[in-house]
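**Student:** Next up is a structure, given as structure tokens.
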Amino acid sequence: MNRKAVITIVSVIVVLFLGFLIFKGKKSQLEARQTPISLEAQQLYAKAESFKRDRDLLKAKDVYQQILTNYPDFDKVEEIQKQAEVLSLEIIFSNIQTPQTVVHEVQPGDSIAKLAKQYGTTA
């Protein structure tokens, strides 16, 4: 090989090595920044699981929703999404009072149309 080819090959190797070092440094900085976020999400996840074990379904669902909203890159986001869906269905088909729950005691003279009008929906 001639001298020019050797210099070109060595230059390419040096540039690739420097690029690797720069990329590795940026990756380490990114991982360092993500660690507290992952820790916060993991703590919230543990809290949600605790609420779920204690059958405090509304609080568990709220914490799962907080994780989904604030930490969409959390590694357990798909599992959390499924848990939130399951809890939502369980809450809907239970007698748990939610902030949106409206209890109406049927009175003589009530009709579906009258109740629909009263609660702003359709019959």
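**Student:** Given a 10 angstrom Cα cut-off, can you work out which residue in ILE37, ILE112, ILE80 is the most mobile in a GNM of the chain?
**Tutor:** ILE112
**Student:** Running a GNM on the chain with Cα contacts under 10 Å, which residue among ALA113, ALA46, ALA84 ends up with the highest mean-square fluctuation?
**Tutor:** Judging by the Gaussian network model, the answer is ALA113.
**Student:** Which value in deg cm²/dmol, rounded to the nearest 500, describes the helix-derived mean residue ellipticity at 222 nm for the chain, given -39,500 (n - 2.57) per DSSP H run of n ≥ 4 and division by the residue count? Can you show the working numbers first?
**Tutor:** On the way: 4 runs with 88 residues, N = 123.
Result for the chain: -25000 deg cm²/dmol, rounded to the nearest 500.
**Student:** Below 8 Å, C-alpha to C-alpha, sequence gap of six or more: please give me the relative contact order for the chain in percent. Mind dumping the intermediate values first?
**Tutor:** Numbers: 46 pairs, mean separation 18.0, N = 123.
RCO, the chain: 15 percent.
**Student:** Could you tell me which of the pairs LYS61/LYS114; LYS52/LYS114; LYS52/LYS76 are separated by over 27 angstrom between their Cα atoms in the structure shown?
**Tutor:** Working: LYS61/LYS114 33 Å; LYS52/LYS114 38 Å; LYS52/LYS76 16 Å.
In this structure, LYS61/LYS114; LYS52/LYS114 lie more than 27 Å apart at Cα.
**Student:** Mind checking the alpha-carbon convex hull of the chain and giving the volume per residue in Å³? Each step should come with its number before you reach the end.
**Tutor:** Values: hull volume 22.2 nm³, N = 123.
Cα-based convex hull of the chain, divided per residue, equals 180 Å³.
**Student:** Have a look at LEU16, LEU39, LEU89 and tell me which one the Gaussian network model of the chain (Cα, springs below 10 Å) gives the largest fluctuation.
**Tutor:** Maximum among the listed residues: LEU16.
Rule-based calculations on the coordinates, nothing more; no lab input. Worth saying up front: this structure is predicted, and the values here are computed from it rather than measured.
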